[in-house]
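Asker: Following this message is one structure expressed as structure tokens.
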Amino acid sequence: MLSHNNRYRPVEAFRRKVCEYARTQSLLALDDTIVVAVSGGADSVVLLDVLSELSEEWRLTLHVAHLNHGLRGRDADEDALFVENLARERSLPFHTKKAACRQIAKTLKLSIEETARVERLDFLLSVADSVGAHKIATGHHMDDQAETVLIRLLRGTGTTGLAAIRPIRDGLWIRPLLNEKRVEIDAYICHCGLSWRSDASNLDVSIPRNRIRHQLLPILRSDYSHHATDALARAATILQADDDLLESITLDASKTVVCARSNRKIALVSNRFFGYHIAVQRRLIRVFLTQAGVDPRRVEFRLIDRILALLRHGPGSIQVSSDLTVCTTGRLILFGAAAPAFEKHVEFGENRIPSINARLSVDEVEHPDYPARFAEITPFEIWFDRSVLPRDLVLRTVKPGDRIRLFGSGGSAKVSDILINHKIPRLIRDEIPVLAHQREVFWIVGVRASERSRIPESSRQAVRFRFAGSWLHFFSGLQRCT
């Protein structure tokens, strides 16, 4: 039989190895408060045991969290009770919740697996928020890493996907056991005499991950390399560094290619965009789609490839979703969602239009304070003789049929024609405010003034309009890039 000391050595070695990994990967800091996700399975039981043993050295405050997914009936209830007892034995706070994953999946039309994942993440985040935790620890290990690499490889993912599970993500999610194999975790449980719960669903090979775990990986180990798990995990580590480098390049590139941005739209300069390697172009598209509100999980290679094809051969557009369009004019690349229609009755003083993140200041000016040269005022300021202004002016969205009397001309033109002549892409025209009375436009803000803004020499009182906000910054950015 093994002596007590012989049993203890591998246990202590395992803990020291986890501690060193946590140190080198910056997973732990002194005085951290950590939510430990404990399902009751072997991995999470070992995670809790090791962190408990390290808690004195690192001055950790631990909270045990367990989500009952409501999928396995009585077994799941017994899992929750088991984890509660684990927490009680260690005098640790216990947090639990029971989710109706089947009903939620049916309502949201998601798979059970995806619903369970989302519910689990939301639960752990809510616990972390409620206790002021710095980290959330999960029991992912090296075999999980190898399985994830294979799953994503078979899906045809890129570098980011193949980088798989990271030791720390978003500065919050930590995986202290990621450098340990399942066989080492099983040995630790055996040496420590720990109890744990078995989940029969882990044997269900209709689930892709389980098929990889129980069928594909054993074949790779027996027929190709005993070190398949290590090799796949090592590949993930290498790809994480490569992915970080590409992300850094992409971040710098995003600052270079963007010429204008609003809450709903992003404009890029085409020749700057195509000055980057194809790998960076793909990442930029992913970044801007995500920033425009697309769920990152929906940004697939096929979509990115379709967008790239459009951008190379445009002009044209692609409807990415019901409210997001990507288009190119040849000179510009635009990612945009529709702006809400708005109409604001204009009064003296400051007029705020929150829906377009704008304000219009209106004030009366007596003749002595007129500018020396009206031609030198900015495009986002306009003056009118007080006597020509109707009382019910509005600042609103452009409407079909709007017309403007052209400054310096006896005629009038459609506002839509003016915008076309100024080469303002259709996608951003809904962002443009106009100062109007009924269908007559007095000012296409930043673009064109009406003949009505001509100040006669006899004028003694004028009204000054000054616009500030999102459209000013967006249009000014476009102008700088032309």
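The values are calculated or read from the model by the stated rules, or taken from the named source; none is laboratory data. Since the model is a prediction, treat every value here as computed from it, not as a measurement. Using ideal geometry, Cβ is built from the backbone for each residue, glycine included, and neighbour counts are taken over all protein chains shown.
Each row is one residue, and each column tells you yes or no for (1) surrounded by 15 or more Cβ atoms within 10 Å (Cβ to Cβ); (2) at pLDDT 95 or above; (3) in contact with a Gly (Cβ under 9 Å, 6 or more places away or on another chain); (4) over 28 Å from residue 178 (Cα atoms).
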residue	(1), (2), (3), (4)
192	yes, no, no, no
210	yes, no, no, no
228	yes, yes, no, no
232	yes, yes, no, no
235	yes, yes, no, no
244	no, yes, no, no
257	yes, yes, yes, yes
263	no, no, no, yes
285	yes, yes, no, yes
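Asker: When you check residue 94 against the structure, is it surrounded by 17 or more Cβ atoms within 10 Å (Cβ to Cβ) and in contact with a helix residue (DSSP H, G or I) (Cβ under 6 Å, 6 or more places away or on another chain), yes or no?
Answerer: yes
Asker: Test of understanding: among 158, 139, which residue is outside the structural domain of residue 295 (by TED's automatic domain parsing), of a type in the set (Gly, Ala, Ser) and more than 22 Å from residue 48 (Cβ to Cβ)?
Answerer: 158 is the lone residue from the list that is outside the structural domain of residue 295 (by TED's automatic domain parsing), of a type in the set (Gly, Ala, Ser) and more than 22 Å from residue 48 (Cβ to Cβ).
Asker: Something else about it: Considering each of 412, 450 in turn, give the residue that is out of contact with any helix residue (DSSP H, G or I) (no Cβ under 9 Å at 6 or more places or on another chain) and either touching a residue at least 12 places away in the same chain (Cβ under 8 Å) or assigned by TED's automatic domain parsing to the domain that holds residue 358 (or both).
Answerer: 450
For every residue, the table says whether it meets (1) in contact with a Lys or Arg (Cβ under 8 Å, 6 or more places away or on another chain); (2) loosely packed, with under 15 Cβ neighbours inside 10 Å.
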site: 33; (1), (2): yes, yes
site: 36; (1), (2): no, no
site: 40; (1), (2): yes, no
site: 44; (1), (2): no, no
site: 73; (1), (2): no, yes
site: 79; (1), (2): yes, no
site: 110; (1), (2): no, no
site: 119; (1), (2): no, no
site: 125; (1), (2): no, no
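Asker: Which of (1) buried (at least 23 other Cβ atoms within 10 Å of the Cβ); (2) touching a helix residue (DSSP H, G or I) at 6+ places or on another chain (Cβ under 6 Å) does residue 428 not meet, given it meets every other one?
Answerer: Residue 428 satisfies every listed condition except (2).
Asker: Only one residue in 56, 114, 147 is of a type in the set (Asp, Glu), assigned to a helix (DSSP H, G or I), in contact (Cβ under 8 Å) with a residue 12 or more places away in the chain and in the same structural domain as residue 198 (by TED's automatic domain parsing). Which one?
Answerer: Matching residue, one of 56, 114, 147: 147.
Asker: Somewhere in the range 147-169, is a residue surrounded by fewer than 16 Cβ atoms within 10 Å (Cβ to Cβ), under 23 Å from residue 38 (Cβ atoms) and at pLDDT 95 or above?
Answerer: Looking through the range 147-169, at least one residue is surrounded by fewer than 16 Cβ atoms within 10 Å (Cβ to Cβ), under 23 Å from residue 38 (Cβ atoms) and at pLDDT 95 or above.
Asker: Follow-up. Out of the strands (runs of 3 or more DSSP E) lying entirely within the range 291-384, which hold 2 or more residues that are under 20 Å from the mean Cα position of the chain (by Cα) and in contact (Cβ under 8 Å) with a residue 60 or more places away in the chain?
Answerer: 332-336
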